[in-house]
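As structure tokens, the structure follows; a few thoughts come after it.
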Amino acid sequence: MTTNKKLWFLALSLAFVHVVVVGAAFFAPYDAAEQHRDAPFAPPARLHFVDAQGKLHVRPYVCSWTNQTQGIGPARYAEDCSRTASLQFLVRNDPGGAQVGPGMTWHLFGTNGPAKIFLLGTDDYGRDQLSRLLYGGQVSLFAGLLATALSLGLGLVMGGIAGYFGFWLDDAIMRCAEVFMALPWIYLLFAVRAFLPLHVGPRQSFFLLVGVMGLTGWARPSRLVRGVILSAKERDFIRAARGFGASNAYILRRHLLPETSGVMLTQAVLLIPQCILAEVTLSFLGLGVGEPVSSWGNMLASLQKFYVLQSYWWMLIPGIALIPIFLLYNALADALLRRSKIKESSDRSNLMGERKLQEAL
Amino acid sequence: MNFRLVRAVLAISYLASTAAQAMKSGEDVLVTSGEIGTRGGRLVSSLRSDPKTLNPVTVVDLPSKGLIALLSADLIHINLYTQRTEAALAKSWKVSADGKRYTMELRRGISFSDGHPFDADDVLFSFKVYLDEKVHSPQRELLQVGGKPIQVRKLGPYQVAFDLPQPYAAAERIFDSVSILPRHLLEHAYEEGTISKAWSAAANPSVIAGLGPFRLKQYVPGQQIVLERNPYYWKVDLKQKRLPYLDEIAFLIVPTEDAQVIRFKAGDVDVLEKISAENYAALEPDQNSRGYRLHDLGAGFEYDFLFFNLNDLSAKQLPEIKRKQEWFRRDAFRQAVSLAIDREAIVRLVYQGRATPLWDQVTPGNKLWIDEAVPHPPRSLEKATTLLRSAGFSRQSDGTLVDSGGQPVEFTILTNSSNAQRIKIATIIQDDLGQLGMKVRVVPLEFQTIMTRVFDSLDYEASIQGLVSGDADPNPEINVWTSTGGTHVWAQNEIKPVAPWQAELDTLMQRQTAILDYKKRKQAYDRVQEIVATYDPVICMVSPNVLVGAKASLAGVKPSVMRNYLLWDAEHLFWSGKKQEERRQAVGPSSH
């Protein structure tokens, strides 16, 4: 696969994941907070295509889980195929779904019978893991994206100022960045989060989290930007622009900052998984968005308990979901680097060609 | 000479000499009726954290209390199995006709664990220390009757008299867990004013002595604390064999319940005191293959409850909470919340059925005092909605509940971040109350921070906590239910009762302490339970079962629903069967 094709493939795969997560209200069969109290820790549903009589069903169906524990003890489930429900696409079943038209709520799939469909099982309150995974992705993935945007924005401004103006501003900003890089980020995040008010709603909590992660992640991109600007500002076309009377702001905006685009793009795709991981870590430790809003971190938090880790493998799914996403982002960063190197070498060979032509003339 | 005959003669003379050893010194040993066991072996238990102290005068933390219970003894003891009082260091006692004087006959000829004899001076010294205001002992509070301290007098070398300021229904029970201190070791520290600093856990074992079944052998901070058998212990079994049977008890420091469970499963730890229902379920399938036995003792004395901040707050300091108190103070609001809570779901989802739903503070574990007549209304959102409507609340078109001023009903529940069960309860309540249109936030916080907010800064809206009654008797509960009580959690700064039901609670709790007749006391305490269930100053929700585990080869196990669940009767525990020899060898010669 050529670099460009690979880039497209990776970008589209990531875009697909994000679109599904944004459309959680449509793609998820239930609301993330909806408790099915008769089905705590129900295992993932089995889709049946062939019934007990050997009859083939084009439309798969699910059997309902029956809790065999009466009264005391953990729930133990067995499939009860006397109560089935076939899989339906584009169903309207609860008011929390996507508003497609006035008063219309739709889900991509659902069931039409008494059996509920928990494709990835349920948690300890009987909440559908798939729905929580999709809704949780909105928090975890977008906290990563927004925090990265904030980090890069800050990094660009701080690095740009430090690199272009130099002298004491450069020293002050870079020493500050070094302090941020020297501090262990997780403890820094803890400290900052601990100072913030406790009585915050999920939305405020999300933006606080993004703010905290963004404010602590600017140091590395700012150093890179500064490096690029330091080398670029001495180049002939910048000197020429300055000679023609261009202002600092114009030079920065028109000539210098575009030079950093390659570095910024690579940094972005490297920072996003780091920020996702930071959000997951904070939520895992109870410092992220609170219940009942889901995030991949607070979904994983139940695994801190020995019996959950030992008994219910499907609770690991948010952790497993992180792996392909991180691989996609890292592969994208790799592809971007390759492309920028190819571009650089082709630019250099073009330049050499021009010089040779000038010499020949 | 016949070799067998010599052996038999020697054995008889040995038995006679050991029996005589107990008898000839005039030792008033206590003959106990427990299962007769065999001596030797080492038991391994675990503690969540290092003990802060081994000093009974200053102890407050649970790990230290558990250890001190094994190292020391009291005059009258509550048998945690029968929940009744029984003779301990006081061989017998008489109560005067007016119920104000207790004259106790002490055991003669018994010794502390360092071999020093015990007498009435040790009792006098102990009570002098506990009652001394300058020492600030937490026991001082418990030794007050009607706000005045009890008086102690020596009548003879083995006779003491206690004078109570007024008749006190549970007077015998206040002597339980008041450890008798060795005057010969602590008098000097007391005179110097340093007694509260004496006997830290890191102190040299030779300076610590008590009258308990075990004595301190070794303490390695962060790793383990080892107790060894007290050779001077004053209890014997029916065969006149001196207790305890075990040579050693080692407590490993294992910081979390999960880690304790894993070590128990691996066989590193022999007993497991109080585990969650989930861990019980995780351990249950391997009982036979791994040689341990789990015990579900039923409802204990612990109960989980939700309470609102009903403190008298200044509008300047906490205006937002003050505004919300308009709702919290209404009986109908709290009753509606209670009606909306799905207690059955809490029992099922949080405790896997190993708990009992509750509507008042007395758990089914307390058979003597429970009022069966207290109504148990089932969950009803309709009734809750009706109550809220009668109190001026209404639902908006989007379902949000608003008060008469149009303000949405929103509040935050604080709960202990290290207690997974309470966080789960809070999440269930959040969903339950959401169905009434209330917006509830759950904020898990570190326990100490919650305590500061509840008892000092009063900066909280609602909280879920648990309380454990220290005794079956209602007297210790006086701190919780009277308006001036130290654990009056929902209105810590209430000087005089703010509601008629609170005034009635105060009267009833005070009255029952002074009545000596059980039936009349029970009537008064039944009414207390009815008030709690009706007016919901705290909304009692559930009482978890006490779940413990022990190695199957450990015999003499009589688990109690009260702390220390398994080791309260450590003197009667022994290893049975094949394991015993292995355990005996594991201790090695150093322990003997």
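The values are calculated or read from the model by the stated rules, or taken from the named source; none is laboratory data. Since this is a predicted model, take the numbers as computed values, not measurements. Note that we place each Cβ from the backbone using ideal geometry, even for glycine, and neighbour counts take in every protein chain shown. Quick note on the areas: whole protein, heavy atoms, side chains included, nothing else; ligands and nucleic acids left out. Shrake-Rupley method; radii C 1.70, N 1.55, O 1.52, S 1.80 Å.
Miscellaneous remarks
- Top-ranked residue in segment A:60-76 [being more than 14 Å from every other protein chain (Cβ to nearest Cβ) and within 30 Å of B:L547 (Cβ to Cβ); ranked as surrounded by the fewest Cβ atoms within 10 Å (Cβ to Cβ)]: A:T66
- Looking at B:I321, B:I275, just one residue is within 14 Å of chain A (Cβ to nearest Cβ), hydrophobic (A, V, I, L, M, F, W, C) and more than 20 Å from A:K305 (Cβ to Cβ), and that residue is B:I321.
- With respect to the conditions (1) buried (at least 18 other Cβ atoms within 10 Å of the Cβ); (2) away from every other protein chain (no Cβ under 14 Å); (3) in contact (Cβ under 8 Å) with a residue 12 or more places away in the chain, B:T487 lacks only one, and its number is (1).
- Enumerated helices (runs of 4 or more DSSP H) restricted to segment A:154-249, each holding at least 2 residues that are buried (at least 17 other Cβ atoms within 10 Å of the Cβ) and at pLDDT 90 or above: A:167-182, A:219-232
- Any hit, segment B:1-18, residues being more than 29 Å from B:R263 (Cα to Cα), more than 17 Å from the chain's Cα centre (by Cα) and at pLDDT 80 or above: no
- Segment A:39-59 - residue that is in contact with an Asp or Glu (Cβ under 8 Å, 6 or more places away or on another chain) and farther than 11 Å from A:I117 by Cβ and, of those, farthest from the other protein chains (Cβ to nearest Cβ): A:H57
- If only residues of segment A:269-278 that are open to solvent by 20 Å² or more (accessible area, probe 1.4 Å) and aliphatic (A, V, I, L, M) are counted, the one that is modelled with the lowest pLDDT is A:L270.
- In segment B:443-456, residue farthest from the other protein chains (Cβ to nearest Cβ) [restricted to those that are of a type in the set (V, I, T) and crowded, with 20+ Cβ neighbours inside 10 Å]: B:V454
- Scanning segment A:125-146 for residues that are part of a helix (DSSP H, G or I) and either open to solvent by less than 10 Å² (accessible area, probe 1.4 Å) or within 14 Å of another protein chain (Cβ to nearest Cβ) (or both) returns A:Q129, A:S131, A:R132, A:G136, A:G137, A:S140, A:L141, A:A143, A:G144.
- Out of A:A24, A:A33, one residue alone is small (G, A, S) and touching an Asp or Glu at 6+ places or on another chain (Cβ under 9 Å). It is A:A33.
- Which listed residue is open to solvent by 10 Å² or more (accessible area, probe 1.4 Å) and more than 11 Å from every other protein chain (Cβ to nearest Cβ), from B:D459, B:D471, B:D431: B:D471
- Of the residues making up segment B:409-421, one or more are within 13 Å of chain A (Cβ to nearest Cβ), in a strand (DSSP E or B) and open to solvent by 50 Å² or more (accessible area, probe 1.4 Å).
- Here B:D268 fulfils each of the conditions (1) away from chain A (no Cβ under 14 Å); (2) touching an Asp or Glu at 6+ places or on another chain (Cβ under 7 Å); (3) under 20 Å from B:L567 (Cα atoms) apart from (2).
- Enumeration of residues in segment B:513-547 that are of a type in the set (G, A, S) and either in contact with a helix residue (DSSP H, G or I) (Cβ under 6 Å, 6 or more places away or on another chain) or over 29 Å from B:A384 (Cα atoms) (or both): B:A514, B:A524
- Which numbered condition B:F251 fails, given (1) closer than 30 Å to B:E278 by Cβ; (2) modelled with pLDDT under 95: (2)
- When residues in segment B:95-123 are screened for being of a type in the set (S, T, Y) and not in a loop (DSSP other than H, G, I, E, B), 3 of them pass.
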